[in-house]
Structures are given as C-alpha cells and as structure tokens.
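The values are calculated or read from the model by the stated rules, or taken from the named source; none is laboratory data. Remember, predicted model here, so these are calculated numbers, not experimental data. Note that we place each Cβ from the backbone using ideal geometry, even for glycine, and neighbour counts take in every protein chain shown. In case anyone asks, the SASA skips ligands and DNA or RNA and just uses the protein heavy atoms, side chains included. Shrake-Rupley method; radii C 1.70, N 1.55, O 1.52, S 1.80 Å.
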Amino acid sequence: MAGVTSSEPLENFNIFQNWINKNYHGEMKYLETERNFTRRADPKQILPECKSILVLAIPYTPISKENSNLQIASYALGDDYHDVLPQKLKAIVEFIEEQLDEKIPNRYYTDSGPILERELAQRAGLGWIGKNSMLINPKAGSTFFLAEILLGIELEPDESFSTDHCGTCNRCITACPTHCILPNRTLDSNRCISYLTIEHKTEISEELRNQIGNWIFGCDVCQQVCPWNRFSQPADSAFETKIPLPVLSGDLLLDPEAFNQRFKKSPIKRTKRRGYARNIAIAIGNNKNKKDIPLLEQALQDDESLIQTHAKWALEKINNE
Ligand code: B12
C-alpha cells in the first residue's frame, strides 16, 4: 500500500509533545532532543524543498496465535526492516528520477527518522489510528511497517483517512497484559512489553516481570486480539519467518558469538545477548516448567549480573510453584 500527503506541518504534534512530557521517561532518548522535536513537527525542517511525502506500508508476517512458548513478535520473525527497507526506498527515488530524467531533493526513512509516521500515514489515506495507537487499514489490519520518502516534487495528495473503525471495541485495551494502553490512543510506553523487552536495557520490576508472560522480544497482544487483523496481508518475502521456531529455553545460555551469528540479520540483535537472555529468564519463570531449572542454575553463573538477577527470580518462582 502507498499514499501521498503534502509537506504541511503535523496537525497532532501536540499529542506527541504531551506524550513526551507526561508519560514517557524511558530510554528512547533520541525522541526527546530539541532538534528531533522541531523536525517531527514540520517535514520542511528536515528537507526545506519538500513538497510531497510518499508513505508506504509494507506487510510483515501476519499475527498468529502463540508461535512458541517463548514468544517473538511477528515483525521480528524475518529480516530486520531497518536494513531491508532503505535500499527499497532508494530504488523508488532512483526510479522517479529516471522517469523525470532529473535529480530531485529527497530523504527517506523507516522507524528511526524524525518523523511521526502514523499521522503521516493517516494523512496519506492508509488507515486510521486505532485504540492500540496502531495505524490500522480496513483491508490489511495493522501488520505492516511504515516508511516515507520526502520529495522535492509536487505529487497529487491522497484523501486523508477520516473515518474511525474501532467503534465500541476495546479488545486491545482489555487484553494488554500490563494495561499500558491509555484512553487517548497513546501508550504508557514504559509499561509496554515491547518497550520492556527491546528498548529497556536494565532490570525489569518484579510487578512487570509477572505480567510479561512468555514474550521474549516485542509483543503482539494488542494486535492478536484486534479483529481487523483477520485481513492481514501476506508478508513481503524479506519479512517471512527466518528464525528457527519454537525458540528453545536453551537460548538462555547462548554465548555472545552464537547470539550475534544467529541474529545478525534479525531485529532481535537490538536487544543484545544480555537483554535476550534476561527476557528468556523471565519467560521461563512465568512458564514455570521445572525442566528449565538446570538451565536457570547455569545462568546464575553468567558474567552478566542482569542475567543472574532475573534467573534467580525465575528459579524462586518455579520452586515456589
Ligand atoms: C517510539 C516507538 C515505539 C514505542 C512507543 C509506541 C507508542 N505507541 O508510542 C514502543 C517501544 C512501545 C513501540 C512498540 C511497538 N511498535 Co513502535 N514505534 C515507535 C516510533 C519510533 C515512534 C512512535 C511515537 O512517536 N510515539 C509517540 C506517540 C505520541 O506518537 P504516535 O503514537 O505515533 O501518535 C501520533 C499519531 O498516532 C497521532 N495520534 C495519536 N493519537 C491520536 C488520536 C487521535 C484522535 C488522532 C486524530 C491522532 C492521534 O498523533 C500523534 C502525533 O502524530 C514509531 C516510528 C515513528 N517514527 O513514528 C514506531 C512504530 C509506531 N512502531 C511500530 C511497531 C510495529 C511497533 C510494535 C507493534 C512492535 C512489536 N510488535 O513489539 C509495538 C506496538 C506497540 C503499540 N501498540 O504502539 C510501527 C507501527 C506500524 C503501524 N501499523 O502502526 C512503527 C510505525 C515503526 C515502522 N516504521 O513500522 N514503538
């Protein structure tokens, strides 16, 4: 799916500002810089010549029910979109330049750019902002990545998506294990399992450990329960499942080399071995499978105190069971 929107400033920038000021005190520091603020508010702060923005939605593996008793979010089952998509965006720019037989000012981003991707996608007609804050499309659900190309040429903008199809459904809000979905379609992201298992680098509170369940990288609960995801589209080949499933508890003892080798092309590399092993220790504790006790006892000897702490907690949880 793709849509075009203008380079006008972002109407709902205040929602982002309030979110940063009120409920976000996390480790995504890149979101808070002054430079990031001004550029997120107005695309021309990024590319002064910007006249139009092409917004793309690229499907990843549709959300399935539990894919393993150590769960990984569907967006992370294939190759890392941060590595795959920029080349595709560059190719689109080159194709447009070929058609016009001239170089055009441009910038392209996916995820990490100073861009409010979901609002631009809504403005480009790709979908509405759901109660789980996901961008949802009535024919494709929400299981797609967003990417943008800022262009120094005028393209006919698409109608913005003006309807809302969540209605009275609150399945996502009810199902979220940490109750992090707020009534204004934003998240208390410090409690979001996706934030805790990917972005949060240190100890996780005992309260949240119990609520994380068996998610070891990202979380799909608010998308698993969303009725619109029965329309999920097949994944772009790069994002089809590439990692071996089910994930085995033995991954708790993966050494750094094996971890880097296994996940060098995967989004999972972002949490590094210590984060991945921490998350597995928590999930093993919550799965309460006595067969995992020897693994946890070995993890008590790990060099990383972060892993020792969470393995000790898991052992106590299983033994108390
Ligand atoms: C920071 C971040 C996170 C944080 C915080 C998420 C959040 N909801 O705020 C954490 C780490 C928790 C996270 C988790 C996930 N993320 Co993330 N994340 C981002 C990132 C980098 C910035 C989002 C942001 O600025 N949040 C702050 C809030 C205030 O902004 P916002 O939610 O976009 O809200 C804007 C609009 O939605 C609008 N708006 C909000 N509410 C309302 C209400 C109304 C009435 C209106 C009119 C407008 C409106 O105004 C706001 C300002 O423009 C974006 C990429 C990007 N550059 O945008 C990816 C992005 C949103 N993430 C993405 C994904 C896939 C995920 C996960 C599903 C991954 C996973 N399975 O674990 C989860 C889903 C969690 C969820 N329900 O949102 C995709 C979403 C694609 C889609 N279909 O929506 C994005 C777009 C990355 C990409 N390029 O594909 N993420």
*Using Cα centres only, tell me the gap between segment 178-233 and segment 83-98 in whole Å.*
32 Å
_So, for the chain, what is the accessible surface per residue at a probe of 1.4 Å, expressed in square angstrom?_
47 Å²
*asked:* For the ranges 174-185, 275-286, 136-147, what's the packing order if you count other beta-carbon atoms within 10 Å of each residue, average per peptide, and put the highest first?
replied: 275-286, 136-147, 174-185
*Angle between the Cα long axis of helix 272-287 and the longest principal axis of the chain, 0 to 90 degrees, nearest 10?*
60 degrees
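For the chain, what is the Kirkwood hydrodynamic radius in Å, using each pair of distinct C-alpha atoms?
Hydrodynamic radius (Kirkwood, Cα only) of the chain equals 20.9 Å.
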*Using a simple charge model, +1 on the beta-carbon of Lys and Arg, -1 on the beta-carbon of Asp and Glu, nothing else, what dipole does the chain show about its Cα centre, in debye to the nearest 20?*
840 debye
*With everything on Cα atoms, drop me the angle between helix 13-23 and the longest principal axis of the chain, reported from 0 to 90° to the nearest 10.*
20 degrees
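Expressed as a whole percentage, what fraction of the accessible surface of segment 248-321 belongs to carbon and sulfur atoms when a 1.4 Å probe is rolled over the protein heavy atoms?
With neighbouring chains kept in place, the figure for segment 248-321 is 48 percent.
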*Cα-Cα over 23 Å: which of Lys201/Lys291; Lys242/Lys269; Lys131/Lys265; Lys51/Lys103; Lys22/Lys201; Lys29/Lys139?*
Lys201/Lys291; Lys131/Lys265; Lys29/Lys139
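Find the Cα radius of gyration of segment 66-122, compare it with 2.2 N^0.38 Å by division, and give the number to two decimals.
Values: Rg = 16.0 Å, N = 57, 2.2 N^0.38 = 10.2 Å.
Cα Rg divided by the expected 2.2 N^0.38 Å: 1.57.
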*For Lys290, list the lysines whose Cα falls under 21 Å from its own Cα; do not include residues on the same chain fewer than 8 positions away.*
Lys312, Lys317
*Going toward the positive end of the dipole of segment 248-321, with +1 on Lys and Arg Cβ and -1 on Asp and Glu Cβ, which of Thr309, Asn260, Ser249 do you reach last?*
Asn260
_Global geometry of segment 148-212, whether rounded, prolate or oblate, following the gyration tensor of its Cα atoms and the 1.5 cut on a/c_ = oblate
